[in-house]
Amino acid sequence: MRTQALATEFDFTAVDSPNGVNLGDWRAVELLGSGGTAEVWRAVAPDGREAALKLVKRELRRHPGANALLRREHEILHTVASPHLVAAHDLIECDGAAVLALEYLPHGDLVPLLGAPPRQWLPAFTAVVAALAALERHGLTHGDLKARNVLFAADGGARLADLTSARPLEGPAAVATPAYGLPELRGAHAREADRFALAALLFELATGRLPYGPLGAAAGTELAAGAAADPTAAALQAAARAALQARGRVQGLSYFVDVIESVRGEQD
């Protein structure tokens, strides 16, 4: 995980698209996705290695705050270095813009497994809990836990991605994605927001639907009624429901570890 200062013959901050552009060891070849502030490109190195290049959108490439988020994400991934988090390869500094080269995760996200039998997604959920535990050991939360931020690597393992919303454990709670957010932020800590989001994800995996709908609990929506038909999924849903009703104030991540262990035998 290194930082490269890249000298270019053009103004990268003004380039409309990085497609075909060499950035450090990588050539951007395909747009994988785009969010509010950043976009991700598949890239290849001369030796055939692949990476995912994350960079802020063209209109924000001169914005110090937007680039600082990528530099901070690189620092966090370098410091925590968990096998359950996406790996960071390089941080490339290009004309004042930051480009983060990440592990390429080619097998999609967790969304297609929502509502599937637990044996299909429980290993991925277990990996998410382990990733959050690694962050917590460094005093951090993820800050934007959701199914789309859990991606599958070439080896089939799940990786938790997108650390741009990471916050200190004891910092104030914030909402990045309303569907997974606490009903009330006042007086809540970031660790409770992460655990509430984790419970929302577990509920969604077990049932195939968000516990409070796309607008989330803050919109005043009631917690979805009904139980999953599969007995194991129903047990996991019940545990998720209890954590949601407690607003994430559970006995740490060990609560979710115990939940996983309680159904592990049924999956073997």
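Does the stretch 117-156 hold any residues that are of a type in the set (Lys, Arg) and either surrounded by fewer than 20 Cβ atoms within 10 Å (Cβ to Cβ) or outside the structural domain of Arg167 (by TED's automatic domain parsing) (or both), and which are they? Answer for the stretch 117-156, where residues must be of a type in the set (Lys, Arg) and either surrounded by fewer than 20 Cβ atoms within 10 Å (Cβ to Cβ) or outside the structural domain of Arg167 (by TED's automatic domain parsing) (or both): Arg119, Arg137, Arg148.
Residues considered: Leu163, Leu169, Leu205. Of these, the only one that is surrounded by 23 or more Cβ atoms within 10 Å (Cβ to Cβ), in contact with a strand residue (DSSP E or B) (Cβ under 8 Å, 6 or more places away or on another chain) and closer than 29 Å to Ala52 by Cα is Leu163. Every residue in the stretch 52-110 that is of a type outside the set (A, V, I, L, M) and part of a helix (DSSP H, G or I), please. Across the stretch 52-110, the qualifying residues are Arg58, Glu59, Pro64, Gly65, Asn67, Arg71, Arg72, Glu73, His74, Glu75, His78, Thr79. Tell me, please, whether a residue that is in a helix (DSSP H, G or I), small (Gly, Ala, Ser), assigned by TED's automatic domain parsing to the domain that holds Gly115 and crowded, with 20+ Cβ neighbours inside 10 Å can be found in the stretch 185-192. Yes: the stretch 185-192 contains one or more residues that are in a helix (DSSP H, G or I), small (Gly, Ala, Ser), assigned by TED's automatic domain parsing to the domain that holds Gly115 and crowded, with 20+ Cβ neighbours inside 10 Å.
Can you name the residue in the stretch 25-51 that is among the charged types (D, E, K, R) and part of a loop (DSSP other than H, G, I, E, B) and, of all such residues, is surrounded by the most Cβ atoms within 10 Å (Cβ to Cβ)?
Of the residues in the stretch 25-51, the ones among the charged types (D, E, K, R) are 25, 27, 30, 39, 42, 47, 49-50.
Now restrict to residues that are part of a loop (DSSP other than H, G, I, E, B): 25, 47, 49.
On the way: Asp25: 18, Asp47: 6, Arg49: 12.
It comes out as Asp25.
Only one entry of Ala242, Ala238, Ala217, Ala200 meets the criterion of being within 24 Å of Ala133 (Cβ to Cβ) and either surrounded by 22 or more Cβ atoms within 10 Å (Cβ to Cβ) or under 20 Å from the mean Cα position of the chain (by Cα) (or both), and that entry is Ala200.
The values are calculated or read from the model by the stated rules, or taken from the named source; none is laboratory data. Nothing here was measured: the structure is a model prediction, and the numbers come from that model. Cβ coordinates were reconstructed from backbone atoms using ideal geometry, including for glycine residues, and neighbour counts include every protein chain displayed.
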